[in-house]
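Take a look at the structure below.
The values are calculated or read from the model by the stated rules, or taken from the named source; none is laboratory data. As the structure is a prediction and not an experimental result, all values here were calculated from the model. A quick note on method: Cβ atoms are made from the backbone with ideal geometry, for glycine too, and the neighbour counts reach across all protein chains shown.
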Amino acid sequence: MALSPWMAPNMRQMMRGGGGLLDDPFSALFEDQLWAPPRWADQMGMSSGLRSIPMDVIEKPDGFEVNADLPGVARDNIKVEVDDNNLLRITVNEQQETTEEGGPAGAKWHRTERSQSYKVRSMQMPQNADLSSLSAKMEDGVLKMKFNKTAHFEPRKILIE
C-alpha cells in the first residue's frame, strides 16, 4: 500500500528555503489553501489533504499489475474503465448518510448529514499492454488489477521506391 504525500506547511517552507527576500510574498496565501482544509471539512471527515487514488504499476515478464489503494471503499462504489487508447480509469463514487435520533421516543430528527466523495484517477498504460485481458479484485482495501502483454512488436522497415 502506498502512502499519500503530506507535509505540514512549515515543513514545506523549510524545505523550500523560504523566508528570503526574493520569495514571493503572496505564495503562502494560496499554497496553504490547498493543504489546510477549512473547519467544516474536518467535521465532515474530509480533512485528509488533497484527494487522489495512490496507484502502483508493476511490469512483469508476462504482464502488468496495477494496485490502487482504496481503503474502506465498497466494491459496488468502484468503476474500472479502459478505452481504445490504453487509458485505464478508476472512478470511486461514495455516498453516505448519517442520522442521529435525539430525545424521547417519537421525537423529531435533530440531525441528518449526507456526504459524497467522487474520485477519478486515469493513467495511460504502455503500448504493449493488452487491456482486453484485464481482471480486477478487491483485497484488503487494495484494488488489484492484472492484464497481459501483447506480442512483442518489432517495427519493420519500409523501402522507399
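For the reader, a short list of remarks on this structure follows.
- Close pairs (9 angstrom Cβ cut-off, 6 or more residues apart or separate chains): in a loop (DSSP other than H, G, I, E, B) in the range 137-155, among the small types (G, A, S) anywhere: G141/G72; T150/A129
- Matching entry among N77, N93 (being at pLDDT 90 or above, touching a Phe, Trp or Tyr at 6+ places or on another chain (Cβ under 7 Å) and among the polar types (S, T, N, Q)): N93
- Residues located in the range 134-161, provided they are among the aromatic types (F, W, Y) and modelled with pLDDT under 90: F153
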